[in-house]
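The values are calculated or read from the model by the stated rules, or taken from the named source; none is laboratory data. Note that the structure is predicted; figures quoted are calculated from it, not measured. Cβ placement follows ideal geometry from the backbone for every residue including glycine, while neighbour counts extend to all protein chains displayed. These accessible areas exclude ligands, DNA and RNA; they are computed on the full protein's heavy atoms, side chains included. Shrake-Rupley method; radii C 1.70, N 1.55, O 1.52, S 1.80 Å.
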Amino acid sequence: LRRKSPGPIRAGAQWILWGLLPVSNIVKIPSAPVAERFQYTILFGFVLILGYLFEGLHQKKAAAGIAALSMLCVALGARTFERNFVWHDDIKLFSGMICSDPDDATAYYNLGNVYGKSGDLEAAVTEFRTALAKDAGFTKAMVNLGVAYAKEGRMEEAVREFRAATKQDPAMPEAHLFLGIGYEKNGFLKEAASEFMTVLKLDPGNAQATRKLDQLEAGDGHV
């Protein structure tokens with residue numbers, strides 16, 4: 001960034017600096033604090049700097065400059081081609097994330113969601129449990145693990161996870177909703193009604209909790 005630096009170097013460095021600033025998480029981006037696409041705009045700064053450096057090499061020794069640029073293009077092209085396989089489907093994508101960072105609880109959680117949607121509940125349970133092993137306070141993983149247990153018919157274990165989620169995050173409507181459903185399926189109707197009322201306190205417009213309460217008040221204990 002110094003004034004003595006060549007113009008293209010200084011311009012490229014400033015482009016990188018200003019390109020990174022909006023995604024530096026000084027003010028967090030709610031939808032995706034970290035995303036691969038945020039690197040795309042700053043690449044122009046790197047390209048400008050590399051172009052200047054290759055031009056200097058080319059002027060001194062044209063063959064060396066062309067060879068170096070060709071090798072860089074082949075290397076980056078091969079890496080791009082390889083990366084496309086990771087984006088083939090969600091299982092490969094999140095599995096790739098786990099390979100890159102085995103301690104990333106969110107990657108295991110996302111992979112569990114993919115397995116759950118595909119009907120592979122056993123694999124989903126494994127991934128959610130691994131996510132919780134990496135981050136014991138991961139409330140969404142608790143809830144989704146409970147949902148997977150419930151789909152497998154393991155209601156006691158499901159209720160245990162939902163109860164843990166409500167303790168971890170008492171203000172999470174989904175945790176109370178699923179806990180209420182778990183209580184309902186186990187025949188604890190008063191406890192279920194209490195959880196559904198808690199959902200409506202947290203989320204007054206929750207249609208599912210309203211419907212569940214109406215059914216309980218009408219004497220129909222199950223959907």
Study note, to complete from the structure: Filtered hits (lysines, Cα-Cα < 22 Å from Lys151, offset >= 8 within chain) -> Lys117, Lys140, Lys185, Lys212
Review point. To the nearest 20 debye, what is the magnitude of the charge dipole of the stretch 23-108 about its Cα centre, counting +1 on the Cβ of each Lys and Arg and -1 on the Cβ of each Asp and Glu?
Key: 440
Check your understanding: Largest first, how would Ile91, Ile26, Ile66 line up by accessible area (1.4 Å probe)?
Key -> Ile26, Ile66, Ile91
Revision key, fill the gap. Checking Leu17, Leu69, Leu57 against a Gaussian network model of the chain (alpha-carbon springs below 10 Å), the top fluctuating residue turns out to be Leu17
Point to revise | q = 0.21, 0.26 Å⁻¹, the stretch 37-101: log10 I(q)/I(0) [Debye, one scatterer per Cα] | key: -0.92, -1.09
Practice item. Taking the Cα centre of the stretch 87-223 as origin, work out the dipole magnitude from +1 charges on Lys and Arg Cβ and -1 charges on Asp and Glu Cβ, in debye rounded to 20. Key: 240
Study note, to complete from the structure: With +1 at each Lys and Arg Cβ and -1 at each Asp and Glu Cβ, the charge dipole magnitude of the stretch 92-150 around its Cα centre, to the nearest 20 debye, comes out at 140
Study note, to complete from the structure: Working note, the stretch 76-223: Cα radius of gyration (Å, one decimal) and Dmax (Å, whole number) are 18.1, 66
Exercise for review: Starting from the Cα gyration tensor of the stretch 1-118, multiply each eigenvalue by 5, take the square root, and state the resulting semi-axes largest first in whole Å.
Suggested key: 36, 22, 9
Revision key, fill the gap. Checked against the positive end of the charge dipole of the stretch 110-214 (+1 on Cβ of Lys and Arg, -1 on Cβ of Asp and Glu, about the Cα centre), the farthest of Ala133, Gly119, Leu200 is Leu200
Exercise for review: Specify which residue in the list Leu69, Gly7, Thr106 is farthest towards the positive end of the charge dipole of the chain, using unit charges on the beta carbon of Lys, Arg (+1) and Asp, Glu (-1), about the Cα centre.
Suggested key: Gly7
Check your understanding: FRET efficiency for Glu191 and Glu156, Cβ-Cβ distance as r, R0 = 22 Å, nearest 0.05?
Key -> 0.95
Exercise for review: Enumerate the lysines that Lys61 could reach by cross-link, defined here as Cα to Cα under 27 Å, with residues fewer than 8 away along the same chain left out.
Suggested key: Lys4
